[in-house]
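Remarks on the structure that follows.
Throughout, read-outs are computed from the coordinates displayed, never taken from laboratory work. Just so it is clear, the structure is predicted and the values come from calculations on it, not from any experiment. Don't worry about glycine lacking a Cβ; one is built from the backbone with ideal geometry, like all the others, and counts go over all protein chains shown.
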Amino acid sequence: MDTRDYIVMEDLYGAHNYHPLDAVLTKGKGIWVWDVEGQRYLDFLSGYSAVNQGHCHPRVVKTIQSQAKRLTLTSRAFRNDQWPLLAKELSDMTGYEMVLPMNSGAESIETAIKTARKWAYQKKGIPQNKAEIIACANNFHGRTVTIVSFSTESLYRNDFGPFTPGFVVIPFGDVEALRKAINPNTAAFLVEPIQAEAGILIPPPGYLKKAKEVCEENNVLFIADEIQTGLGRTGKIFACDHEDVKPDMVVIGKSLGGGAYPISATLSSREILGVFKPGEHGSTFGGNPLACAVAREALRIIKEEKLVENAAEQGSFFLEKLKKIKSKFIKEVRGRGLLIGIDLKPEAGGARRFCEELKKEGLLCKETHENVIRFAPPLIIKPKELNWALRKVKRVFKRLS
């Protein structure tokens, strides 16, 4: 079968809820992937930052093989020997006292929402069913009905109502809007330190610190969605670390599974996550031994291979190079660490056609919000490979201009 055969089959039998580029991938190693016809590409998306450690990292593969031969699933009806170790190692790495594991980022956001509401009723004294959570415009926290209830993107909401009440939406990066939105029933403020899906939108300097102070003044939980930005992507373990902010709750996922197995987690204090009693929340696969073993190895790789430091160094290098590209179509280049976006002017004709041309050059990336090209390579990437990518980017902008 060739590329066209696979595309026809997928379009015939698969639901059309994605619009992928037409590269049918069959193999990956490090920063590189290959399609079914042998064409090699540099992966500049990293599975939306899930493949920070690179494709098929040998240590992750070895861990999967070893654990899969021993034990893969117990459910949480019984204990296993990997989950307690992961919980402790995450606590040691992040400074949070308690961890609640799930499988996907959206599940852990749901966990954070349920936690905040339960904390509000039990600890803050908000009347039952009155708790409110503040979120930001242009957010992307997942795709469950509750989460899209506070999305401002019509594409995520159309024909999916009725929606879950209890959310207030304010502009991103506006501390005064947050202050004004808080009332006696406010339980939490949920925010992405950088809005990746919205186009790599970075808030004004000091915003996160000021927002945390406002939350503290009003006994409101500050919840950071670090699913894409966490575990090194921006050049710090968490993007909030750039402002020395420690949220009350942090949600992580994606690269926690080493680009190989789904696992996510909600991190917080014992006072906050301790509100749950047996039976009130859970997941059959949450905290399974295979996922936990993989996550433990993924965390070790991040630390031992200095991926956080590499993201900071290489991200600064690449961002500086991209900003020097001369094109009538580029409105702005922005980013932090190895999370970078090229924002195009309307006359550029959208980011999709640039991504399609970059694919022809052997560079895989993805458009986001129509006019932004997102670059997020694996955190193992080196200057030589970034220079290779830079030449491809320059060539495409010259050709399309």
* How about the stretch 313-351: which trypsin sites (Lys or Arg not before Pro) there lie in a loop by DSSP and see at most 13 other Cβ atoms within 10 Å? -> K324, K326, K328
* For the stretch 1-77, what relative contact order do you get, as a whole percent, if you take Cα pairs closer than 8 Å and at least 6 residues apart? -> 21
* How would you rank M9, M98, going from fewest to most other Cβ atoms within 10 Å of each one's own Cβ? -> M9, M98
* With θ set to phi - 60° and the Karplus curve 6.51 cos²θ - 1.76 cosθ + 1.60, what are the ³J(HN,Hα) couplings of the stretch 251-259 in order, to the nearest whole Hz, using x for Gly and Pro? -> 10, 10, x, 6, 5, 4, x, x, x
* To do: May I ask you to derive the relative contact order of the stretch 58-304, considering only C-alpha pairs under 8 Å and at least 6 residues apart, and to give it as an integer percent?
  => 31
* Pull up the cross-link candidates among the aspartates and glutamates for K236, meaning alpha carbon to alpha carbon under 13 Å and not fewer than 8 places away within one chain. => E226, D244, E309, E313
* Using alpha-carbon positions, what is the distance between the centroids of the stretch 155-214 and the stretch 21-56, in Å? -> 33
* 222 nm mean residue ellipticity, helices alone, for the chain (DSSP H n ≥ 4; -39,500 (n - 2.57); rounded to 500) -> -10500 deg cm²/dmol
* To do: Considering the options T72, L307, P204, tell which one lies farthest towards the positive end of the dipole of the chain, charges being +1 on Lys and Arg and -1 on Asp and Glu at the Cβ, about the Cα centre.
  => L307
* Counting Lys +1, Arg +1, Asp -1, Glu -1, what net charge surrounds L71 among other residues with beta carbon under 12 Å of its beta carbon? -> +2
* Indicate, rounded to the nearest 5 percent, the antiparallel portion of the DSSP beta bridges found entirely in the stretch 58-304. => 40
* Rounded to the nearest 20 Debye, what is the dipole magnitude of the stretch 144-272 about its Cα centre when Lys and Arg each give +1 and Asp and Glu each give -1 at the C-beta? -> 120
* Structure fact -> Protection proxy (average C-beta count within 10 Å per residue), highest first, orders 139-152, 273-286 as 139-152, 273-286
* To do: Name the residue farthest towards the positive end of the dipole of the stretch 217-303 from the options A293, V220, V251, assuming +1 on Cβ of Lys and Arg, -1 on Cβ of Asp and Glu, about the Cα centre.
  => A293
* To do: Starting with the fewest neighbours, write out I325, I200 ranked by other beta-carbon atoms found within 10 Å of each beta-carbon.
  => I325, I200
* Find how many whole Å separate the alpha carbon centroid of the stretch 265-310 from the alpha carbon centroid of the stretch 331-401. => 32
* Karplus-derived HN-Hα couplings along the stretch 169-186 (A = 6.51, B = -1.76, C = 1.60, θ = phi - 60°), whole Hz, x at Gly and Pro -> 10, 10, x, 6, x, 10, 5, 5, 5, 5, 4, 5, 7, 6, 9, x, 9, 6
* Mind sorting D225, D248, D174 by how few other Cβ atoms lie within 10 Å of their own Cβ, fewest first? => D174, D248, D225
* Asked: What residues have an amide H closer than 5 Å to that of L363, excluding those fewer than 5 places away on the same chain, when H is modeled at 1.01 Å from N in the peptide plane?
  -> L42
* Net charge, G335 excluded, C-beta distance under 13 Å - Lys, Arg +1, Asp, Glu -1 -> +3
* Asked: So, counting K/R as plus one and D/E as minus one, what does the shell of residues with Cβ under 13 Å around F160 add up to?
  -> 0
